[in-house]
Amino acid sequence: MEKHLHIVAFDVPFPVNYGGIIELYYKLVALHAAGVKIHLHCWEYGKSEQPSLNQYCEQVHYYQRQVGHKGFSFSTPYIVASRCCPELRENLLKDEHPILLEGIHCTSFIDDERFAGRKIVLRLHNVEYKYYQQLYRCSNNASFLKKLYYYYESQLLKKYEAKVAKKLPVVALCEEDAKVYKDEFGARDVKTVPVFIPCNSVKSEEGIGCFCLYHGNLSVSENEQAVSWLLKNVFHELPVHFIIAGKDPSVELTQLANSYDNACLIPNPSDEELQDLIQKAQVNVVPSFNNTGVKLKLLNSLVNGRHCVANDAAVKGTGLDACCHIGSDAVAFQHLISELFYKPFTDDEIKLRTHLLDYRYNNQKNAQKLIECLW
């Protein structure tokens, strides 16, 4: 019997140019390979329709997100209210297929009585209220209005997530997020299925690269803070070349990077360009100031890159500590990078990564786990 599934995504999952989209896109690929007939619903803002998604989906529906004041609500988090759409509800009600909601962002219709008794599962990408709390704390260079938005959104999200946790089955990315939903919100039905990653085989190359790399969505304040910290506290005294690559860097971040002779910023690289940079780097640096969710940039670095230097917040809950070199502060990062920059990356390290990644992040196995949660 064919399995049909509605997936409601917070963004168009292609091109694969930032963390949450990586997880979403490769989940589509894995579920399609497992025989699931996918009916994809996604919000279009800043991206056009993507014909390449049709190879994995039976249907792809695009909806216009209500950005700015049109999506504002005093009672509902903006990330939810701006994705409220009557057309989505009507499309979902045309059949009785189960529904997978990708992120708390996509839950605006769950109080609609017409969905009573329908199998709806929330794929939790983050404990969002904690994520927005940390965005608030990280946004020292942001405007007053943006800081106020982060603070207010975190307050709304805490109440909203507590309500949703009692209403829907939840499939978290990691045990830490699952524990918050159980202990803090009283969720009764919480399972964990690890993130889906770009490939099931490690593509890291042996030998030595010629630069250090940080990659990420540079429009996110947490990532901007990480780059600023690396430039000012780590690479300012290191005689190595440092490349920063990612989506939509601010003018301020671009100017900061340009003020360092050993730094180079590459804005909006294609997926192919980014993977090439990750593979050619000698050291991928992954500091994080946010301990929620799973850092897809860490997994991408381990699958495709050589040495990886991270901090505790970046590796927490991943089970991949043994693959990384952990530094607790800027001095530790400097020492690790200096030590690793001329150290060849070996086949033994590739074998260790292969073993650990296959144990926890095998897309085929995790697709079956997710299917069991839905049927």
Check your understanding: With springs only between Cα atoms under 10 Å, which of Tyr181, Tyr18, Tyr359 fluctuates most in a Gaussian network model of the chain?
Key -> Tyr359
Practice item. Identify all aspartates and glutamates with a Cα-Cα distance to Lys158 below 12 Å; exclude those on the same chain that are fewer than 8 residues away in sequence. Key: Glu128, Glu184
Practice item. Could you work out which residue, out of Val36, Val67, Val121, moves most in a Gaussian network model of the chain, that is, has the largest mean-square fluctuation with Cα springs under 10 Å? Key: Val67
Review point. Given that just one value was derived from the coordinates, which of (i) 33.4, 109; (ii) 24.4, 105; (iii) 20.6, 63 is Rg and Dmax of the Cα atoms in Å?
Key: (iii)
Point to revise | Mean Cβ count within 10 Å, highest first, over the residues of peptides 274-284, 345-355 | key: 274-284, 345-355
**Study point:** Cα lying deepest toward the dipole's positive end in segment 125-240, options Ser204, Leu148, Leu135, charges on Cβ
**Key:** Leu148
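To the nearest 500 deg cm²/dmol, what mean residue ellipticity at 222 nm is calculated for the chain from DSSP H runs of n ≥ 4 alone, each contributing -39,500 (n - 2.57), summed and divided by the residues?
Details: 14 runs with 149 residues, N = 375.
The helix-only estimate for the chain comes to -12000 deg cm²/dmol at 222 nm.
Taking the Cα centre of the chain as origin, work out the dipole magnitude from +1 charges on Lys and Arg Cβ and -1 charges on Asp and Glu Cβ, in debye rounded to 20. The partial results should precede the final answer.
Details: 40 positive and 44 negative charges, 206 e Å.
That gives a dipole near 980 debye.
What net charge do the residues around His61 carry, taking every other residue with its C-beta under 12 Å from that of His61, with Lys and Arg at +1 and Asp and Glu at -1?
Working: positive: Arg89, Lys94; negative: Glu44, Glu49, Glu58, Glu87, Glu90.
That works out to -3.
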Study note, to complete from the structure: The distance between the Cα centres of segment 206-270 and segment 294-333, in whole Å, is 17
Point to revise | Under 20 Å from the Cα of Lys280 - aspartates and glutamates, other chains or at least 8 residues apart | key: Glu205, Glu206, Asp271, Glu272, Glu339, Asp347, Asp348, Glu349
Exercise for review: Quote the FRET efficiency, to the nearest 0.05, computed for Ser52 versus Met1 with a Förster distance R0 of 22 Å and r equal to the Cβ-Cβ distance.
Suggested key: 0.20
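Over the chain, what is the relative contact order in whole percent, taking alpha-carbon pairs under 8 Å and six or more residues apart? Present the calculation step by step, with values, prior to reporting the outcome.
On the way: 693 pairs, mean separation 60.9, N = 375.
In percent, rounded to a whole number, it is 16.
What is segment 261-364's relative contact order, in percent, from Cα pairs under 8 angstrom and six or more apart in sequence?
Numbers: 107 pairs, mean separation 24.0, N = 104.
Relative contact order of segment 261-364: 23 percent.
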**Study point:** Computed over segment 185-276: relative contact order in percent, which uses C-alpha pairs under 8 Å that are six or more apart
**Key:** 26
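With a 1.4 Å probe and every protein chain left in place, work out the accessible area per residue of the chain in Å², rounded to a whole number.
On the way: 16240 Å² over 375 residues.
On a per-residue basis, 43 Å².
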Check your understanding: Which pairs in the list Lys130/Lys365; Lys166/Lys191; Lys179/Lys203; Lys3/Lys163 are over 23 Å apart, alpha-carbon to alpha-carbon?
Key -> Lys130/Lys365; Lys179/Lys203; Lys3/Lys163
Check your understanding: Tell me, what % of the accessible area of the chain is carbon and sulfur with a 1.4 angstrom probe?
Key -> 51
Point to revise | Cβ charges +1 (Lys, Arg) and -1 (Asp, Glu), total dipole of segment 245-375, debye | key: 380
Check your understanding: For segment 131-265, rounded, prolate or oblate, judged on the Cα gyration tensor with a ≥ b ≥ c (square roots of eigenvalues), a/c < 1.5 rounded, else prolate if a/b > b/c?
Key -> oblate
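The values are calculated or read from the model by the stated rules, or taken from the named source; none is laboratory data. None of the values given here were measured: they were computed from a predicted structure. FYI the Cβ positions are ideal-geometry reconstructions off the backbone, even for glycines, and counts take in every protein chain you see. When the accessible area is computed, the model is the full protein with side chains, heavy atoms only, and any ligands, DNA or RNA have been set aside. Shrake-Rupley method; radii C 1.70, N 1.55, O 1.52, S 1.80 Å.
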